[in-house]
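Here's the structure, in structure tokens; my notes come after.
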Amino acid sequence: MIWMDLRMPGMDGEEAVRRIREVESGGRTPIIALTAGVMSEGKPSSHSEVFDGWVYKPFREAEIFEMLEKHLGVQFIYQPSVRSGVEVEEGSEKTALRSSDLSLLSADWLNEFYRALRKGHSGQLLGLIDRIHPGHEELAGTLAGLVRIHRFDKLLAVTEGALKEDSNG
């Protein structure tokens, strides 16, 4: 299965997929278009027959798993989480991150971090994390770990909660 971004330098995703389709032999490789653009009336263009599916950015985790299940025939077994908050694997130990943990950070920092999260700018996010006070290395490490594995959905949820808590009290 191939995840194909539509906007790429040099050649767009649709042209890349057309070329792949021309040389395919054997079966048809499932190719899913990833796009931040909104298609007319929410529908892909008339030239989209080369794709087997579409996922619009920002996408939800569930959409990715749905595409994998549909096009590869795999089945995922989900286990409900017992703990609330966000957990990050650090070696063999897990650390939970909650909105209240971000109360150590200024409202200005939280707002800037939130804006960078919404844009998906990993470099900017890591730069902001580097500005966290040296006494909060564990928090900074947890945040950086989530950025590095692109868990922006989890970071957004925790940051939104922290901003709400900050505005309420």
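The values are calculated or read from the model by the stated rules, or taken from the named source; none is laboratory data. Since we're looking at a predicted model, the values are computed, not measured. Cβ coordinates were reconstructed from backbone atoms using ideal geometry, including for glycine residues, and neighbour counts include every protein chain displayed.
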Checklist entry - Going by the structure shown, is I129 closer than 19 Å to L6 by Cβ and modelled with pLDDT of 85 or more? => result no
Item to check | the range 112-127: number of residues that are closer than 16 Å to H150 by Cβ, without any contact (Cβ under 8 Å) to a residue 40 or more places away in the chain and either more than 15 Å from the chain's Cα centre (by Cα) or assigned to a helix (DSSP H, G or I) (or both) | outcome: 8
Next on the checklist: Quick check on L146: is it surrounded by 17 or more Cβ atoms within 10 Å (Cβ to Cβ) and modelled with pLDDT of 90 or more?
Outcome noted: no
